[in-house]
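Report on one structure; see the data block that follows.
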Amino acid sequence: MTDLSQILKQAQGMQKKMKEMQAELELIEVEGQSGAGMVTVRLSGKGIMKSVKIDPSLFDREEAEVVEDLITAAHNDAKEKLESRIQEEMKSLTGGLSLPPGMKMPF
């Protein structure tokens with residue numbers, strides 16, 4: 001049987017690693033694209049949109065709705081990549097420990 005103090009020590013170590021990882025998330029940036037690279041969105045590790053780049057050929061009044069849709073698609077692509085990256089980071093942090101369904105980290 002594992003000693004309770006050892007379990008608490010491990011939990012404290014994991015808490016420290018979580019804080020470090022949250023700080024590292026601020027440094028991560030991912031890029032999503034849509035329209036074969038015509039629209040690019042950059043997100044921070046916290047999901048904040050940092051920049052949007054749009055190919056000048058899209059600036060036609062009649063294409064405004066298309067541009068809006070492409071920006072949304074690029075943002076969603078970047079967000080999916082970010083979530084995947086966070087999952088990978090969490091796996092390495094927890095040593096592959098599976099979390100209960102619906103439980104997301106960082107808390």
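Say we look at region 48-61 and pick out the residues that are without any contact (Cβ under 8 Å) to a residue 24 or more places away in the chain and under 17 Å from the mean Cα position of the chain (by Cα); which of these is nearest to Met21 (Cα to Cα)? The selected residue is Ile48.
In this structure, does Gly37 turn out to be surrounded by 10 or more Cβ atoms within 10 Å (Cβ to Cβ), out of contact with any helix residue (DSSP H, G or I) (no Cβ under 7 Å at 6 or more places or on another chain) and at positive phi?
Values: surrounded by 10 or more Cβ atoms within 10 Å (Cβ to Cβ): yes; out of contact with any helix residue (DSSP H, G or I) (no Cβ under 7 Å at 6 or more places or on another chain): yes; at positive phi: yes.
Spelling it out, Gly37 is indeed surrounded by 10 or more Cβ atoms within 10 Å (Cβ to Cβ), out of contact with any helix residue (DSSP H, G or I) (no Cβ under 7 Å at 6 or more places or on another chain) and at positive phi.
For region 62-82, does any single residue satisfy the condition of being among the β-branched types (Val, Ile, Thr), in a strand (DSSP E or B), touching a residue at least 12 places away in the same chain (Cβ under 8 Å) and surrounded by 13 or more Cβ atoms within 10 Å (Cβ to Cβ)?
no
When region 1-47 is filtered for residues that are in a strand (DSSP E or B), of a type outside the set (S, T, N, Q) and in contact (Cβ under 8 Å) with a residue 40 or more places away in the chain, the ones remaining, listed by number, are Val30, Glu31, Gly32. Residue count for region 18-34 under the criterion of being surrounded by 14 or more Cβ atoms within 10 Å (Cβ to Cβ) and either among the hydrophobic types (A, V, I, L, M, F, W, C) or closer than 14 Å to Ile86 by Cβ (or both): the result is 7.
Quick one: which of Lys50, Lys91 is modelled with pLDDT under 85, touching a Leu at 6+ places or on another chain (Cβ under 9 Å) and not in a loop (DSSP other than H, G, I, E, B)? The conditions single out Lys91.
The values are calculated or read from the model by the stated rules, or taken from the named source; none is laboratory data. Remember, predicted model here, so these are calculated numbers, not experimental data. Note that each Cβ is placed from the backbone with ideal geometry, even for glycine, and that neighbours are counted across all protein chains shown.
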